[in-house]
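J.: Below are the structure tokens for one structure; questions will follow.
The values are calculated or read from the model by the stated rules, or taken from the named source; none is laboratory data. What you are looking at is a predicted structure, and each value in this text was computed from that prediction instead of being measured. Cβ coordinates were reconstructed from backbone atoms using ideal geometry, including for glycine residues, and neighbour counts include every protein chain displayed.
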Amino acid sequence: MVEIKTHTIAGHGGFILVKIYGHRGASAELPENTLPAFQRVIDLGADGVEFDVHLSSDGVPVVIHDDTVDRTTRAIGPVNSFTAEELGNLDAGAGYGVPTLREVLDLVGTSLHLNIEIKSAEAGQAVIDEVVPRLGLRWAISSFDWEVLRFVRGQCPGADVWPLTFGPRDSIPAAADRVAAMDGIYPNALRMAEKLRRTRNVLEDALDLARDLKSSTVSVNQFTLTQESIDAVHRAGFATFVWTVNDPQRASQLDRWGVDSVCTDEPAVVVPARSSVLSVA
């Protein structure tokens, strides 16, 4: 069961207990899902890193968010139309290539906990084959494709799999409207709002799946989050991983609500905010 957190700095405006993960590395500072972005998360003293995996045309797990290379490189086409070597030679920003999963694991090692989001179902076995033999590696698998989580758990009974959810069923329509209203302020607001409206990944079903798969954690979008939904996750026996939180004040609020981990594009902002509170404890 999850141990509900107890805060020790009463009335302080900061946050002290929530774990901090870099979202696609330190993606606000450096090109997302590149080796320098991951190194920056290590250097900042964050607790973990989240990144995304697809398969290349030659069956190698590679670290990139989208299913095409169009947005993050100067090339065009599906990720699975390029070999791993070709992807590594693309410019994914500032001259950095698309790394393989192996390269990321070699860099990060045991210094961070890894939240590996599998974006394509066919990548499941390749990811397992890469992570399982590495002694001391700390990792979990997350996915919006819950069949991927069932597959990973079936192939590797000891794997920790985290269902991704947009939140409680009845909160999603209003959250989608709020997000859409942030168009021009929040990057990709309209796209996120549309995802919310179409999602089938609701919290109630995620909790059922987490019970079935003996997950430790449920991964929840911040826009639908309330104290009540966090409490519901904890009562069900799971920790909460919340994405994507770039405002230290929001991180502070989530910490007071009892959230266990937050994922941020801005670890260079959020990690020092936590450290400044710890320094006065």
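J.: Counting only residues that are of a type in the set (S, T, N, Q) and under 13 Å from the mean Cα position of the chain (by Cα), which one in segment 211-229 is surrounded by the most Cβ atoms within 10 Å (Cβ to Cβ)?
T.: Applying the first criterion (of a type in the set (S, T, N, Q)) to segment 211-229 yields 215-217, 219, 221-222, 224, 226-227, 229.
Subsequent filtering for residues that are under 13 Å from the mean Cα position of the chain (by Cα) retains 217, 219, 221-222.
On the way: 217: 21, 219: 27, 221: 22, 222: 20.
Among those that are of a type in the set (S, T, N, Q) and under 13 Å from the mean Cα position of the chain (by Cα), it is 219.
J.: Please work out which one of (1) in contact with a strand residue (DSSP E or B) (Cβ under 8 Å, 6 or more places away or on another chain); (2) surrounded by fewer than 17 Cβ atoms within 10 Å (Cβ to Cβ); (3) at pLDDT 95 or above; (4) of a type outside the set (Lys, Arg) is the condition residue 59 fails and give its number.
T.: Just one mismatch for residue 59, condition (1).
J.: Let me ask something else about it. State which residue is nearest to the chain's Cα centre (by Cα) when the search covers only segment 73-84 and only residues that are in contact (Cβ under 8 Å) with a residue 24 or more places away in the chain and either within 22 Å of residue 122 (Cα to Cα) or not in a loop (DSSP other than H, G, I, E, B) (or both). Talk me through it step by step, then tell me what you get.
T.: Going residue by residue through segment 73-84, those that are in contact (Cβ under 8 Å) with a residue 24 or more places away in the chain are 73, 79-84.
The next check asks that each one be either within 22 Å of residue 122 (Cα to Cα) or not in a loop (DSSP other than H, G, I, E, B) (or both); those that pass are 79-84.
Details: 79: 20, 80: 22, 81: 25, 82: 25, 83: 25, 84: 23 Å.
Filtering segment 73-84 for residues that are in contact (Cβ under 8 Å) with a residue 24 or more places away in the chain and either within 22 Å of residue 122 (Cα to Cα) or not in a loop (DSSP other than H, G, I, E, B) (or both), the one nearest to the chain's Cα centre (by Cα) comes out as 79.
J.: Taking the stated definitions as given, is residue 273 of a type in the set (A, V, I, L, M, F, W, C), in contact with a Pro (Cβ under 6 Å, 6 or more places away or on another chain) and either surrounded by 22 or more Cβ atoms within 10 Å (Cβ to Cβ) or part of a loop (DSSP other than H, G, I, E, B) (or both)? Steps first, please.
T.: Values: of a type in the set (A, V, I, L, M, F, W, C): yes; in contact with a Pro (Cβ under 6 Å, 6 or more places away or on another chain): yes; either surrounded by 22 or more Cβ atoms within 10 Å (Cβ to Cβ) or part of a loop (DSSP other than H, G, I, E, B) (or both): no.
So residue 273 does not fit the description; no.
J.: Can we say residue 37 is at pLDDT 95 or above, part of a helix (DSSP H, G or I) and either over 22 Å from residue 234 (Cα atoms) or out of contact with any helix residue (DSSP H, G or I) (no Cβ under 6 Å at 6 or more places or on another chain) (or both)?
T.: Details: at pLDDT 95 or above: yes; part of a helix (DSSP H, G or I): yes; either over 22 Å from residue 234 (Cα atoms) or out of contact with any helix residue (DSSP H, G or I) (no Cβ under 6 Å at 6 or more places or on another chain) (or both): yes.
Here the answer is yes, as residue 37 does meet what is asked.
J.: Output the residues belonging to segment 168-177 that are part of a helix (DSSP H, G or I) and either within 28 Å of residue 236 (Cα to Cα) or touching a residue at least 60 places away in the same chain (Cβ under 8 Å) (or both).
T.: First, pick out the residues of segment 168-177 that are part of a helix (DSSP H, G or I): 169-177.
Answer for segment 168-177, where residues must be part of a helix (DSSP H, G or I) and either within 28 Å of residue 236 (Cα to Cα) or touching a residue at least 60 places away in the same chain (Cβ under 8 Å) (or both): 169, 170, 171, 172, 173, 174, 175, 176.
J.: Taking the condition of being free of Cβ contacts under 8 Å to residues at least 60 places away in the same chain and on the phi > 0 side of the Ramachandran plot, how many residues in segment 25-65 meet it?
T.: Residues of segment 25-65 free of Cβ contacts under 8 Å to residues at least 60 places away in the same chain: 25, 37, 43, 56-58, 62-65.
If we keep only those that are on the phi > 0 side of the Ramachandran plot as well, we get 25.
Counting residues in segment 25-65 that are free of Cβ contacts under 8 Å to residues at least 60 places away in the same chain and on the phi > 0 side of the Ramachandran plot gives 1.
J.: I need the full set of residues from segment 88-147 which are of a type in the set (Val, Ile, Thr), surrounded by 17 or more Cβ atoms within 10 Å (Cβ to Cβ) and outside any helix (DSSP H, G or I), in order please. Outline the logic, then answer.
T.: Let us first name the residues in segment 88-147 that are of a type in the set (Val, Ile, Thr), namely 98, 100, 104, 108, 110, 116, 118, 127-128, 131-132, 141.
Cutting the leftovers down to surrounded by 17 or more Cβ atoms within 10 Å (Cβ to Cβ) gives us 98, 100, 104, 108, 116, 118, 127-128, 131, 141.
Result: 98, 100, 116, 118, 141.
J.: Give me a count of the residues in segment 152-187 that are crowded, with 21+ Cβ neighbours inside 10 Å and polar (S, T, N, Q).
T.: Total satisfying the criteria: 1.
J.: While we're on this one: Residues of segment 1-31 being at pLDDT 95 or above and more than 12 Å from residue 264 (Cα to Cα), which ones? I'd like the intermediate steps shown before the answer.
T.: Residues of segment 1-31 at pLDDT 95 or above: 19-31.
30, 31 - these are the residues of segment 1-31 that are at pLDDT 95 or above and more than 12 Å from residue 264 (Cα to Cα).
J.: Please enumerate the residues belonging to segment 148-167 that are in a loop (DSSP other than H, G, I, E, B) and closer than 15 Å to residue 204 by Cα.
T.: Going through segment 148-167, the residues in a loop (DSSP other than H, G, I, E, B) turn out to be 156-160, 166.
Residue satisfying the conditions is 166 alone.
J.: Further, regarding this structure: Just the residues that are modelled with pLDDT of 95 or more, in contact with a strand residue (DSSP E or B) (Cβ under 8 Å, 6 or more places away or on another chain) and in a helix (DSSP H, G or I), please, taken from segment 208-229.
T.: Result: 209, 210, 213, 229.
J.: Within segment 230-258, track down each residue that is crowded, with 18+ Cβ neighbours inside 10 Å, part of a helix (DSSP H, G or I) and either of a type in the set (A, V, I, L, M) or touching a helix residue (DSSP H, G or I) at 6+ places or on another chain (Cβ under 8 Å) (or both).
T.: Once the filter is applied, which keeps residues that are crowded, with 18+ Cβ neighbours inside 10 Å, part of a helix (DSSP H, G or I) and either of a type in the set (A, V, I, L, M) or touching a helix residue (DSSP H, G or I) at 6+ places or on another chain (Cβ under 8 Å) (or both), segment 230-258 yields 230, 233, 248, 251, 252, 254, 257.
J.: May I pose another question? Yes or no: segment 194-210 includes at least one residue that is surrounded by fewer than 21 Cβ atoms within 10 Å (Cβ to Cβ), under 19 Å from the mean Cα position of the chain (by Cα) and touching a residue at least 60 places away in the same chain (Cβ under 8 Å).
T.: Checked against the condition, which is being surrounded by fewer than 21 Cβ atoms within 10 Å (Cβ to Cβ), under 19 Å from the mean Cα position of the chain (by Cα) and touching a residue at least 60 places away in the same chain (Cβ under 8 Å), segment 194-210 yields at least one hit.
J.: Residue under question is residue 235, and the condition is that it be among the basic types (Lys, Arg) and modelled with pLDDT under 95; does it hold? Outline the logic, then answer.
T.: Values: among the basic types (Lys, Arg): yes; modelled with pLDDT under 95: no.
When the stated conditions are applied, residue 235 does not pass them.
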